[in-house]
Amino acid sequence: MEPYPTGDPRLPHHCYPPKKITPDELTKRTGTTYFKLDLDDPVASARRIAVLKLERSLKREDTFTLDAASTIDFEDKLAELFEEVECPEDQARLVTEGAAYFDVEGHDGDWFRILCEYGDLIIIPAGRPYRMTTTSKNFVKIRRFFKDETE
């Protein structure tokens, strides 16, 4: 993404000319893993999620919805989510409706913007700085997976 994004974080903020990278390149440069799940095949997606949870010791999950039409203090929540954070454990996120951008800092200090839409699953490694926002459609529903069993 562009080095110093200004303005609405819900816009694409591509560098110019836009540079697209493969999921393998994303993993090499940020440690982030990307999968595309076929959510229209509930058996296959449930199997893939079960394997993911088992491999990564994910014990808890929730559903997070961010919607301009129903989220209280939507703009404040967007601003909060767009603040850069580092978490002590891997962050696994599956978009089940809508779309969101996840910005992840690479090993070299560059930021990478990942557009996640229906069926996209990303795993951001522990300690990797990231932030998120919706797209300009202002709606996303995400299944979040956690290692701990309590909130």
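A few comments on the model shown:
- Number of the condition not met by F82 [criteria: (1) touching a residue at least 60 places away in the same chain (Cβ under 8 Å); (2) over 26 Å from N138 (Cα atoms)]: (2)
- None of E105, E61, E117, E89 is under 13 Å from T133 (Cα atoms), in contact (Cβ under 8 Å) with a residue 12 or more places away in the chain and either touching a Leu at 6+ places or on another chain (Cβ under 6 Å) or among the acidic types (D, E) (or both) except E117.
- Residue list for the stretch 42-73, restricted to those being surrounded by 12 or more Cβ atoms within 10 Å (Cβ to Cβ) and among the acidic types (D, E): E61, D67
- With respect to the conditions (1) in a loop (DSSP other than H, G, I, E, B); (2) crowded, with 16+ Cβ neighbours inside 10 Å, I142 lacks only one, and its number is (1).
- Qualifying residue in the stretch 26-33 (condition: touching a helix residue (DSSP H, G or I) at 6+ places or on another chain (Cβ under 9 Å), modelled with pLDDT under 95 and closer than 14 Å to I122 by Cβ): no
The values are calculated or read from the model by the stated rules, or taken from the named source; none is laboratory data. Quick caveat, the model's predicted, so the values are computed rather than measured. Note: ideal-geometry Cβ built from the backbone for every residue, glycine included; neighbour counts use all protein chains shown.
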